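The values are calculated or read from the model by the stated rules, or taken from the named source; none is laboratory data. Note that the coordinates shown come from a computational prediction; the quantities given were computed from them, not determined experimentally. Because the Cβ atoms are built from the backbone with ideal geometry, glycine has one as well, and the counts that use them run over all protein chains shown.
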Amino acid sequence: MFKKILIANRGEIACRVIKTARKMGIKTVAVYSDADKDALHVEMADEAVHIGPAPAAQSYLLIDRIIEACRQTGAEAVHPGYGFLSENPKFAIALKEAGIAFIGPNIKAIEAMGDKIESKKFANAAKVSTVPGYLGVIESPADAVRIAGEIGYPVMIKASAGGGGKGMRIAWNEGEVEEGFVSSKNEALSSFGDDRVFIEKFVTEPRHIEIQLIADKFGNTVYVNERECSIQRRNQKVIEEAPSPFLDAATRKAMGEQSVALAKAVNYESAGTVEFIVDKDRNFYFLEMNTRLQVEHPVTELITGIDLVEQMIRVAAGEKLTVTQDDVKINGWAIESRIYAEDPYRSFLPSTGRLVRYQPPAEGTADGLTIRNDTGVYEGGEISIFYDPMIAKLCTHGPDRLAAIDHMSVALDEFRIEGIQHNIPFLGAIMEHERFRSGNITTGFIAEEFPDGFHGVDISRSRSDRLVAVAMFLHEVHAARAVQISGQLPNRPRKVPDEWVVAMKTNSEVTRQKIRVRESDTGLELDYLDADGTIASRHLVESDWRPGQPLFKGLVDGQPVSVQIDRAKQGYMLNYRGASAHAAVRTTLGDSLEQLMPEKVAPDMGKFLLCPMPGLVKSISVAEGDEVKAGQTLAVVEAMKMENNLRAERDGIIAKVSAKAGDSLAVDAVILEFE
Amino acid sequence: MKEILRKLEERRAVARLGGGEKRIAAQHARGKLTARERIALLLDQDSFEEFDMFVEHDCHEFGMENQKIPGDGVVTGWGTVNGRPVYVFVKDFTVFGGSLSRAHARKMTKVQDMALRTGAPIIGLFDAGGARIQEGVDALGGYGEVFTRNVLASGVIPQISVIMGPCAGGDVYSPAMTDFIFMVRDTSYMFVTGPDVVKTVTNETVTSEQLGGASIHTTKSSVADGAWDNDVIAMTQIRRLVDFLPLSNRDEVPERPYFDEQNRIEKSLDTLIPANPNMPYDMKELIHKVVDEADFFEIQESFAKNIITGFARIEGRSIGIVANQPMVLAGVLDSDASRKAARFVRFCDCFNIPVVTFVDVPGFLPGTAQEYGGLIKHGAKLLFAYTEATVPKVTVITRKAYGGAYDVMSSKHIRGDFNYAWPTAEIAVMGAKGAVEIIHRADIDDKDKIAAHTKTYEDRFLNPFVAAERGYIDEVIMPHSTRSRVARALALLKSKEIENPWKKHDNIPL
């Protein structure tokens, strides 16, 4: 076994590999760029080597530097993680030449699977199911109809030179094929100057399901079940799970065996993943093979108990696999949520900066439920502009799918991040989403269910009752403390009312609940009162929450509830299950007076061009009085080294320009104003 | 007998209705609450005791003798905020537009006198049309009586003013002499002369909002210390403020149970200071992580943002915080920042509120705009305020403490009690570049030499140790232990005793 390995990566995956290496008694070497000087993986490793400036192209992607770091530290092997050099055959070759082991597959396998056409050929040869299609030139509409008939409807006609949806048509019958063939050809010619088109099967209601496998140098290859990664936003995986709610044992076996066949065809000898697209009739088609550890590997580990990194290291060191196909079982269900530094309310724009607060839920297993959080950051650390904006991979495991999902909801509710925007509300909303919970998902889930992006969600009646109870509880705790202040008139204890109104504003509604409170031995008893004073329902809140704690944890009617709290000018902002609510607790009189207050109408920002993110104004392209057309560039703002063209959304005349080149603007700062 | 009792209730009911249902409805339509509604929100439930409910004016001019409304446009009395006494006078816009008569002024001065005598804060809620013109010089005299009491009470009891409607002419000077002025956005404004007079005299066309709205007074003029969106929020927040303040200058700061850890370690503060000395960071993060429960009541949040002032608590006891804000103008001291902080420090000193100062200051802002604007005297105000203050003063230098600004920011030399520095502190006359260009003027054209000199200067002076070697810093502390160190220092300083030489009063450079 190796005595020392180097991890040619950063962030959570570097930390993840170090953990297993440490468990195996192997020393670890981290590499780091200028931006990662104080990163967690550097802190965790036994040794660390600086390899260059912040941009990956000048550090983590430099093969020579990494080999030099191995030499310097005497590392015998390199784990590449994912991304960066993990699937670069040149890196594997260079390591081989340097006599350093690569904790990954052989060079041939990387090369073969790294090439789209080559990998399809291998797949076909290994009798792996691929998307049916005709790659030759199609001469006439009649030809197209014949080929489409052979493939089976629906089919997709695509420009050979295509991209971005141009020259693409979906046809459900012969007429549509004829029509689509002609228009696709014309469009291809005008867009790409090349009118060749091809036809392939159009997979309806597609799901992304992949098979994890692990192989050794002795010809043993085992598939370690599947993962479903259909919840994607613009081809970026957001939520993954294992097993898939869709596969039956027969399909799983067929997919697994085909994957093993493909792996054997390239003498695969490490952990790898074969990705498939699966249609609504459980037909599955090979997409590609990833010759590395996948981001979402923890869900597989959680349901199988196999440490994939450990297996990778062992087979790279020439050991035999310790698991056989029969050993691989499915135990319960695991879900992974990728927590990204992005603003879900602003079309998921990346959000970088200092992690003012980073308090993940506690890891571990209790009552058959597990939380695992793979991360490479810490409180007070930085989410840098140079790398992937992933903050953490939060995984939960439970006996069945809904248990895992519900536990994920709680874990997300307890995950505290301040300082940057993050997608936890969005993830929380998906966990609550009926369609997701039903398992009836496709890769189109996010686009279909959130067609206009994410704007927060409302909460169900029962959940909002709980949230109201929590708000009431918070207020009571504060009130009880407030009356203990020094300097009160002697012997005249302040009367604290026992009837209150909780006004709660959620995404689209305002509710008011009158409550009578009573302290009891167990906790705070709440009578929810109707307008006529009769008791509509009774609730009990039990918690040892104290003022200042940003997380409320307790029981409402015996149900565990975790809610994040932020102070507002009046009352609290509460975050729960993806929903954000403002709750204010007032006396009955206070509540009636509050209703007299005018609604503050935010100024019509449609008239303004606002800075979408903190950034530097590079240029202003228009002047006061200019007439502009929709789509015209108005200003260029640089943020995170990226130039963003801000364009006019409609025609108009510029009334006022408020910013100039060189200005450093905050988010929502006014750049210019229309008439 | 019963008949007599009933009569009292009747008279009370009439008085409580103020200017009548119609005017109350009009007040609500403007998005404002009535005087008594405001009081109900401001004070503890059922704690208000009203004085002079039946007072009427005695004006006989212009037919006023036929228009009398009990209360005469102001509601006065006392009540409690979380059990602690406060006095209030609240203008009633539904009665003669809240305008000030002789009788109205006497109601005000009565509670002012009582507040001063018993040592409890006084809160004035303003929503009025100014002097009652029909009363002539009686109204002006009334103002003068009110002003006199404002001045006498200054520094003895906290005086808080909230502008919740119009406040013009003579009405503005009473709030102007109190400790804090807050406003309600969109429904309040405050000016000496209104838009009509402005138009006549200077030919400027402005709206009331542009002339004296909350947006102006919280950002441009600094007349107001803060503003809130509506009456309800304003009253909630004033209650929150009162909880921070002692009842009078004879009282200790209030104390209440706290649920924060006494020795909370904040590892993340060890990475607060960026590696690059020119990169800003948010000083508010430090404040939130040091004080109890991250609860910070900021004063003048929107004005001179290069310095932060406000109230917080450590171990349940109120403190005042002054901190340079590197996010804005690098935290430089300019005239506005100096005035803002000076006034705040003096308030704290009046009322026995310890001052905790966080320092990251590159110096005073250079330039003609500042010098012509009297930076020397404005800067001197802050220096003066810190020096004369006898309350406990604890200072933490996080990064830069350059030049005269180092002295000003509650240094040991001006009677700072505990002065800590983080290891990242740079206590020096100026930054490396400026210093090297002066000390090594001869080498100015030799880049390599200048670079070497700069390095030498940085190594020698840009750290806390030169100051620590001389005892100007009591100790260099770990950022993560800031809360526990400040808390311990304050605990010790509870028994601090120091007196300034007897004087009638000092002569701060106004």
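Within the range A:564-599, which residues are surrounded by fewer than 17 Cβ atoms within 10 Å (Cβ to Cβ) and basic (Lys, Arg)?
Matches in the range A:564-599: A:Arg567, A:Lys569.
If only one of A:Glu288, A:Glu257, A:Glu269, A:Glu275 is assigned to a loop (DSSP other than H, G, I, E, B), within 22 Å of A:Phe122 (Cα to Cα) and not polar (S, T, N, Q), which one is it?
Exactly one of A:Glu288, A:Glu257, A:Glu269, A:Glu275 is assigned to a loop (DSSP other than H, G, I, E, B), within 22 Å of A:Phe122 (Cα to Cα) and not polar (S, T, N, Q), namely A:Glu269.
Filter the range A:347-369 for residues that are more than 14 Å from every other protein chain (Cβ to nearest Cβ), touching a strand residue (DSSP E or B) at 6+ places or on another chain (Cβ under 9 Å) and of a type in the set (S, T, N, Q) and give the result.
Residues satisfying the conditions are A:Ser351, A:Thr365.
Which residues, taken from the range A:465-491, are of a type outside the set (A, V, I, L, M, F, W, C) and facing chain B (nearest Cβ under 7 Å)?
A:Arg481, A:Gln484, A:Ser486, A:Gly487, A:Gln488, listed by residue number.
List the number of the failed condition for B:Ser268; all other conditions in (1) touching a Gly at 6+ places or on another chain (Cβ under 7 Å); (2) within 15 Å of B:Gln159 (Cα to Cα); (3) not in a loop (DSSP other than H, G, I, E, B); (4) not aliphatic (A, V, I, L, M) hold.
(2)
Every residue in the range A:448-484 that is assigned to a helix (DSSP H, G or I), free of Cβ contacts under 8 Å to residues at least 24 places away in the same chain and not polar (S, T, N, Q), please.
A:Glu448, A:Glu449, A:Arg461, A:Ala479, A:Ala480, A:Ala482
Say whether the condition of being surrounded by 15 or more Cβ atoms within 10 Å (Cβ to Cβ), touching a helix residue (DSSP H, G or I) at 6+ places or on another chain (Cβ under 7 Å), part of a strand (DSSP E or B) and not aliphatic (A, V, I, L, M) is met by at least one residue in the range B:198-221.
Within the range B:198-221, none of the residues are surrounded by 15 or more Cβ atoms within 10 Å (Cβ to Cβ), touching a helix residue (DSSP H, G or I) at 6+ places or on another chain (Cβ under 7 Å), part of a strand (DSSP E or B) and not aliphatic (A, V, I, L, M).
Only one residue in A:Arg512, A:Arg492, A:Arg546, A:Arg518 is under 30 Å from B:Gly316 (Cα atoms), more than 30 Å from the chain's Cα centre (by Cα), in a strand (DSSP E or B) and of a type in the set (D, E, K, R). Which one?
On the way: A:Arg512 fails: under 30 Å from B:Gly316 (Cα atoms); A:Arg492 fails: in a strand (DSSP E or B); A:Arg546 fails: in a strand (DSSP E or B).
One residue alone meets the criteria, A:Arg518.
When the residues of the range A:370-404 are narrowed to those that are part of a strand (DSSP E or B) and charged (D, E, K, R), which ends up nearest to the other protein chains (Cβ to nearest Cβ)?
Restricting to residues being part of a strand (DSSP E or B) and charged (D, E, K, R), the top hit is A:Glu382.
If B:Gln370 satisfies all but one of (1) surrounded by 23 or more Cβ atoms within 10 Å (Cβ to Cβ); (2) over 23 Å from B:Arg485 (Cα atoms), what's the number of the condition it fails?
Every condition holds for B:Gln370 apart from (1).
Output the residues belonging to the range B:155-197 that are aromatic (Phe, Trp, Tyr) and within 30 Å of B:Asp251 (Cα to Cα).
B:Tyr173, B:Phe180, B:Phe182 - these are the residues of the range B:155-197 that are aromatic (Phe, Trp, Tyr) and within 30 Å of B:Asp251 (Cα to Cα).
What is the residue count in the range B:262-277 for residues that are more than 7 Å from chain A (Cβ to nearest Cβ) and free of Cβ contacts under 8 Å to residues at least 24 places away in the same chain?
Residues flagged as more than 7 Å from chain A (Cβ to nearest Cβ) and free of Cβ contacts under 8 Å to residues at least 24 places away in the same chain within the range B:262-277 amount to 3.
Considering only the range B:387-410, state which residues are part of a strand (DSSP E or B) and over 17 Å from B:Gly431 (Cβ atoms).
First, pick out the residues of the range B:387-410 that are part of a strand (DSSP E or B): B:393-402.
Hits for the range B:387-410 are B:Lys393, B:Val394, B:Thr395, B:Val396.
Does B:Phe93 satisfy the criteria of being buried (at least 16 other Cβ atoms within 10 Å of the Cβ) and in a strand (DSSP E or B)?
When the stated conditions are applied, B:Phe93 does not pass them.
Looking at the range B:44-61, is at least one residue in a helix (DSSP H, G or I) and aliphatic (A, V, I, L, M)?
no
Counting only residues that are surrounded by 19 or more Cβ atoms within 10 Å (Cβ to Cβ) and either more than 14 Å from every other protein chain (Cβ to nearest Cβ) or under 26 Å from B:Val184 (Cα atoms) (or both), how many does the range A:542-563 have?
Going through the range A:542-563 one residue at a time, the tally reaches 5.
Looking only at strands (runs of 3 or more DSSP E) that lie completely in the range A:27-112, which have at least 3 residues being of a type outside the set (Gly, Ala, Ser) and modelled with pLDDT of 95 or more?
Correct list: A:27-33, A:47-52.
Being of a type in the set (Val, Ile, Thr) and facing another protein chain (nearest Cβ under 9 Å) is true for just one of B:Thr34, B:Thr80, B:Thr76. Which residue is that?
B:Thr80
Does any residue of the range B:418-429 turn out to be under 27 Å from B:Leu365 (Cα atoms) and assigned to a helix (DSSP H, G or I)?
no
Select, from B:Thr76, B:Thr109, B:Thr118, B:Thr34, the only residue that is modelled with pLDDT of 95 or more, over 26 Å from B:Trp228 (Cβ atoms) and in contact with a helix residue (DSSP H, G or I) (Cβ under 8 Å, 6 or more places away or on another chain). Reasoning before the result, please.
Working: B:Thr76 fails: over 26 Å from B:Trp228 (Cβ atoms); B:Thr118 fails: in contact with a helix residue (DSSP H, G or I) (Cβ under 8 Å, 6 or more places away or on another chain); B:Thr34 fails: over 26 Å from B:Trp228 (Cβ atoms).
Step by step, each of B:Thr76, B:Thr109, B:Thr118, B:Thr34 is checked, and only B:Thr109 is modelled with pLDDT of 95 or more, over 26 Å from B:Trp228 (Cβ atoms) and in contact with a helix residue (DSSP H, G or I) (Cβ under 8 Å, 6 or more places away or on another chain).
Please give the number of the condition B:Leu125 fails out of (1) crowded, with 19+ Cβ neighbours inside 10 Å; (2) out of contact with any helix residue (DSSP H, G or I) (no Cβ under 9 Å at 6 or more places or on another chain); (3) hydrophobic (A, V, I, L, M, F, W, C).
So B:Leu125 meets the others, but not (2).
Do any residues in the range B:240-260 that are more than 8 Å from every other protein chain (Cβ to nearest Cβ) and crowded, with 20+ Cβ neighbours inside 10 Å have Cβ atoms under 7 Å from those of residues that are among the hydrophobic types (A, V, I, L, M, F, W, C) and assigned to a loop (DSSP other than H, G, I, E, B), where the two are at least six apart or on different chains, and which pairs are they?
B:Leu245/B:Phe351; B:Ser248/B:Ala120; B:Ser248/B:Val156; B:Ser248/B:Ile157; B:Val253/B:Ile353
Out of all the residues in the range A:173-205, which are buried (at least 18 other Cβ atoms within 10 Å of the Cβ) and out of contact with any helix residue (DSSP H, G or I) (no Cβ under 6 Å at 6 or more places or on another chain)?
Across the range A:173-205, the qualifying residues are A:Glu176, A:Gly180, A:Ser184, A:Lys185, A:Glu187, A:Ala188, A:Phe198, A:Glu200, A:Phe202, A:Val203.
When you scan the range B:37-53, how many residues do you find that are modelled with pLDDT under 95 and hydrophobic (A, V, I, L, M, F, W, C)?
Residues meeting the conditions: 1.
Condition check: more than 14 Å from chain B (Cβ to nearest Cβ), part of a helix (DSSP H, G or I), in contact (Cβ under 8 Å) with a residue 60 or more places away in the chain and surrounded by 21 or more Cβ atoms within 10 Å (Cβ to Cβ). Does A:Ile303 satisfy that?
On the way: more than 14 Å from chain B (Cβ to nearest Cβ): yes; part of a helix (DSSP H, G or I): yes; in contact (Cβ under 8 Å) with a residue 60 or more places away in the chain: yes; surrounded by 21 or more Cβ atoms within 10 Å (Cβ to Cβ): yes.
When the stated conditions are applied, A:Ile303 passes them.
Scan the range A:425-437 and give yes if some residue there is surrounded by fewer than 19 Cβ atoms within 10 Å (Cβ to Cβ) and in contact (Cβ under 8 Å) with a residue 40 or more places away in the chain, otherwise no.
no
Looking at the range B:316-332, can you tell me whether even one residue there is at pLDDT 95 or above, more than 21 Å from the chain's Cα centre (by Cα) and either in a strand (DSSP E or B) or of a type in the set (Gly, Ala, Ser) (or both)?
Within the range B:316-332, none of the residues are at pLDDT 95 or above, more than 21 Å from the chain's Cα centre (by Cα) and either in a strand (DSSP E or B) or of a type in the set (Gly, Ala, Ser) (or both).
Of the residues B:Thr80, B:Thr76, B:Thr34, which single one is more than 22 Å from B:Gln134 (Cβ to Cβ), crowded, with 22+ Cβ neighbours inside 10 Å and free of Cβ contacts under 8 Å to residues at least 40 places away in the same chain?
Residue meeting the stated conditions: B:Thr80.
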